[in-house]
Structure formats: C-alpha cells, structure tokens
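Chemist: Here's a structure for you.
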Amino acid sequence: RAVVTRMGSYEAELTAGLHWRLPPPFERVQRVKVDQIRRLQIGFRSEQSSGEVLPSTVEWTADHSSAEFEPVPQESMILTGDEVPIELTAEVHYRLSNLRDYLYASAAPEETLRAIAESATREVAARESLDGLLTDRRSDIEAECLALIRAQVESYGLGLEIAELNLLDVHPPRAVVPAYRDVADALEEREQLINEAEAYYSSRVLSVAGER
C-alpha cells in the first residue's frame, strides 16, 4: 500500500495497482509492504532473515559468538521476582495494521515498540521466580507479556498489530555461571551424603536387629 502527501499534507492511501498522481514536489508517494511479518529483537541484534529462528541455548556458558549475533546487555539484563539477575532475549513478531498511523503517529514506531516490549518483559519477570522463568511458567509469561504489549501499542496508536512474542533465551548472567554450578554441585553432594548416611544406618540396623 502507499500513502500520498500533497504539499507535505496527508492526501490519500492507495492500494496496489495503477494510479495517476501529481509529480513531485506537489505530491509524494511512500510505498510500504503492509502484510509483511516483521521482527523486533530484544536483548540482541541478528542479521538472520525473517524465516530463521535463533536457536535456543542449551548451555548457560554459550557466548553466541557467531557473526550474526550481537548481544545488547542493557536490554537483556533483568531482575526476577526473587531478585536474581538473568539474561533474557526475546523476539516480537508484528505487522502493519494502519499505514497512516504507522508513518505519522510516531517518529520512530519500531523504537517505541522496542521500549514497550522491554518494559513489558521486565514488569512480568519482576513478578516471577527464576524457576518459573526457566521451567513451567515460560508459556504463561509469554502470554502475559504479549497482552501488555498489545494494550500499550493500541493506546499509543502506532498502527501495528502484534502477532506474537517469543522468549528465546533465559539464563543467569555468564559472569556468575560458575557460582550457579558450585551451588548445584553442593546440593547434589548434600543429597548424596544423605543417601549414603541413610544406607549406612539401614545396614547397621539390619546387621544388629536382623531383617525382621
């Protein structure tokens, strides 16, 4: 679709096809692909095409060192509800719903959407525990973030339709991963010692009192 301005003022919106318009500088035509699904990245920047999906990280220590991935720490660093710092990356998929609003309601609609999405993820994460973000609450958190983003975008009149929001990568900051590993190892060692003690206790009782 296209928007026509006459002497700098909005004149008309055109659909695909042949149209007769006045030449510049009297009229100017700005064409935009309105049905294209666009991607907005939170916490990182990637040059991957729209059809590609950022692979999820299995190991917390992965550094995403590929040339297509550039982390943005000021966006990805978030505090959870139990005051644990995490790194979170997400991706918003959207399309244009109102071309006139998209072009003229905001000087930078994508940056406004980025600020809205970042604020929504921080707000929802601040109410969740680390375990919830990493495990069974992930889909619910995505739904809550999506609802907040849609409400804000509608109130701002950005001319955007938000299709979905995906949490791509949620993990502790890489700088503190060794400490997380130490805690996990200590918990495993504690459980192992408890099991060994209970087994020793049972064997001593059986040896003295008999199985019966």
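Chemist: In region 155-205, what residues are open to solvent by less than 30 Å² (accessible area, probe 1.4 Å) and in contact with a Ser or Thr (Cβ under 7 Å, 6 or more places away or on another chain)?
Modeler: Selection gives L158, G159, L160, L168, D169, H171, V177.
Chemist: Does any residue of region 26-42 turn out to be touching a strand residue (DSSP E or B) at 6+ places or on another chain (Cβ under 8 Å), closer than 19 Å to P173 by Cα and at pLDDT 90 or above?
Modeler: Scanning region 26-42, I find at least one residue that is touching a strand residue (DSSP E or B) at 6+ places or on another chain (Cβ under 8 Å), closer than 19 Å to P173 by Cα and at pLDDT 90 or above, so the answer is yes.
Chemist: Suppose we filter E161, E191, E144 for residues that are modelled with pLDDT of 90 or more and closer than 22 Å to E75 by Cβ; which single one remains?
Modeler: Exactly one of E161, E191, E144 is modelled with pLDDT of 90 or more and closer than 22 Å to E75 by Cβ, namely E144.
Chemist: Is it the case that Y201 is touching a residue at least 60 places away in the same chain (Cβ under 8 Å) and part of a helix (DSSP H, G or I)?
Modeler: no
Chemist: Here's a follow-up. Just the residues that are part of a loop (DSSP other than H, G, I, E, B) and exposed (fewer than 15 other Cβ atoms within 10 Å of the Cβ), please, taken from region 1-11.
Modeler: Within region 1-11, M7, G8 meet the criteria.
Chemist: Now for a separate question. What helices (runs of 4 or more DSSP H), lying completely within region 67-138, carry at least 3 residues that are surrounded by 17 or more Cβ atoms within 10 Å (Cβ to Cβ) and among the hydrophobic types (A, V, I, L, M, F, W, C)?
Modeler: 109-125
Conditions tested, residue by residue: (1) more than 30 Å from T5 (Cα to Cα); (2) polar (S, T, N, Q).
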| residue | (1), (2) |
| --- | --- |
| A115 | no, no |
| S129 | yes, yes |
| A147 | yes, no |
| D185 | yes, no |
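Chemist: Okay, moving on. Under 7 Å by Cβ, and 6 or more places apart or on different chains, what pairs join a residue from region 12-40 that is under 26 Å from E110 (Cβ atoms) and open to solvent by 60 Å² or more (accessible area, probe 1.4 Å) with one that is part of a strand (DSSP E or B) and β-branched (V, I, T)?
Modeler: Within 7 Å, the pairs are E13/V3; R28/T5; Q30/V3.
Chemist: Could you check region 137-165 and list, in sequence order, the residues that are acidic (D, E), under 22 Å from V34 (Cβ atoms) and in contact (Cβ under 8 Å) with a residue 12 or more places away in the chain?
Modeler: Taking region 137-165 and keeping what is acidic (D, E), we get 140, 142, 144, 154, 161, 164.
Next, from what is left, pick out any that are under 22 Å from V34 (Cβ atoms): 154, 161, 164.
Of everything in region 137-165, those that are acidic (D, E), under 22 Å from V34 (Cβ atoms) and in contact (Cβ under 8 Å) with a residue 12 or more places away in the chain turn out to be E161, E164.
The values are calculated or read from the model by the stated rules, or taken from the named source; none is laboratory data. On a predicted model such as this, the values are computed, not experimentally measured, just so you know. Cβ: placed from backbone, ideal geometry, glycine included. Neighbour counts: every protein chain shown. Just the protein is used for accessible areas: all its heavy atoms, side chains included, with ligands, DNA and RNA removed. Shrake-Rupley method; radii C 1.70, N 1.55, O 1.52, S 1.80 Å.
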